[in-house]
Amino acid sequence: GPASQNLSPHARNLHDPAFLKRASDAFIFYRITEGKTGTAMPSFRDTLGPEERWAIILFLREQKN
(Lines give C-alpha, C1' and ligand atoms only; values in the text may rest on other atoms or scores of the structure.)
Protein backbone atom coordinates (compact mmCIF):
# COMPACT_ATOMS: atom_id res chain seq x y z
CA GLY A 1 0.00 0.00 0.00
CA PRO A 2 0.90 3.66 0.11
CA ALA A 3 2.78 3.33 3.42
CA SER A 4 5.27 0.96 1.79
CA GLN A 5 6.75 3.87 -0.18
CA ASN A 6 8.63 4.93 2.96
CA LEU A 7 10.13 1.52 3.77
CA SER A 8 13.84 0.99 3.41
CA PRO A 9 14.53 -1.31 1.75
CA HIS A 10 11.34 -1.16 -0.31
CA ALA A 11 8.85 -3.98 0.11
CA ARG A 12 8.96 -6.70 -2.54
CA ASN A 13 6.19 -6.62 -5.12
CA LEU A 14 4.55 -9.99 -4.53
CA HIS A 15 2.54 -9.62 -7.73
CA ASP A 16 5.68 -9.42 -9.87
CA PRO A 17 5.45 -12.33 -12.34
CA ALA A 18 9.26 -12.70 -12.44
CA PHE A 19 9.41 -13.09 -8.65
CA LEU A 20 6.51 -15.54 -8.59
CA LYS A 21 8.11 -17.60 -11.36
CA ARG A 22 11.41 -18.04 -9.52
CA ALA A 23 10.18 -18.22 -5.90
CA SER A 24 9.01 -21.62 -4.74
CA ASP A 25 5.95 -21.98 -2.56
CA ALA A 26 8.23 -23.27 0.20
CA PHE A 27 10.38 -20.12 0.01
CA ILE A 28 7.38 -17.79 0.17
CA PHE A 29 5.95 -19.80 3.09
CA TYR A 30 9.28 -19.56 4.91
CA ARG A 31 9.56 -15.81 4.34
CA ILE A 32 5.99 -15.19 5.57
CA THR A 33 6.68 -17.38 8.60
CA GLU A 34 10.10 -16.03 9.57
CA GLY A 35 10.10 -12.49 8.13
CA LYS A 36 13.40 -11.01 7.02
CA THR A 37 15.97 -9.51 9.37
CA GLY A 38 17.11 -6.01 8.47
CA THR A 39 13.88 -5.18 6.64
CA ALA A 40 10.35 -4.17 7.54
CA MET A 41 9.13 -7.73 6.82
CA PRO A 42 7.93 -9.12 10.17
CA SER A 43 7.46 -12.74 11.10
CA PHE A 44 3.86 -13.91 10.93
CA ARG A 45 4.63 -17.17 12.77
CA ASP A 46 2.60 -16.12 15.82
CA THR A 47 -0.16 -14.19 14.06
CA LEU A 48 -1.09 -16.42 11.11
CA GLY A 49 -1.59 -20.16 11.28
CA PRO A 50 -0.04 -22.44 8.65
CA GLU A 51 -3.33 -22.70 6.74
CA GLU A 52 -3.56 -18.90 6.54
CA ARG A 53 0.01 -18.63 5.28
CA TRP A 54 -0.68 -21.24 2.58
CA ALA A 55 -3.86 -19.35 1.65
CA ILE A 56 -1.76 -16.24 0.99
CA ILE A 57 0.46 -18.24 -1.35
CA LEU A 58 -2.56 -19.67 -3.18
CA PHE A 59 -3.97 -16.16 -3.52
CA LEU A 60 -0.70 -14.87 -5.01
CA ARG A 61 -0.49 -17.79 -7.45
CA GLU A 62 -4.09 -17.33 -8.64
CA GLN A 63 -3.76 -13.62 -9.42
CA LYS A 64 -3.66 -12.56 -13.03
CA ASN A 65 -0.64 -10.30 -13.62
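The values are calculated or read from the model by the stated rules, or taken from the named source; none is laboratory data. All of these numbers come straight from a predicted model, not from anything done at the bench. Every residue, glycine among them, receives a Cβ derived from its backbone with ideal geometry; neighbour counts consider all protein chains shown. All accessible areas refer to the heavy atoms of the entire protein, side chains included, with ligands and DNA or RNA removed. Shrake-Rupley method; radii C 1.70, N 1.55, O 1.52, S 1.80 Å.
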Placing unit charges on C-beta atoms (Lys and Arg positive, Asp and Glu negative, everything else neutral), compute the dipole magnitude of the chain about its Cα centre in debye, rounded to 20. 260
A correct Karplus calculation of ³J(HN,Hα) over the stretch 6-15, with 6.51 cos²θ - 1.76 cosθ + 1.60, θ = phi - 60°, whole Hz and x for Gly and Pro, returns 9, 6, 9, x, 4, 5, 5, 7, 6, 9
Which order do 15, 10 take when ranked by solvent-accessible area (1.4 Å probe, heavy atoms of all protein chains), largest first? 10, 15
Among 19, 54, 3, whose Cα projects farthest towards the positive end of the dipole of the chain, with charges put on the beta-carbon of Lys, Arg (+1) and Asp, Glu (-1)? 19
Need one number for the chain: average projected area of the convex hull over its C-alpha atoms, nm². 4.8
If I model a spin label at residue 63 and residue 51 as a point 7 Å from the Cα along the Cα→Cβ vector, what separation in nanometres do I get? 2.4
Using helices alone, what [θ] at 222 nm do you get for the chain, with -39,500 (n - 2.57) per DSSP H run of 4 or more residues, divided over all residues and rounded to the nearest 500? -13000 deg cm²/dmol
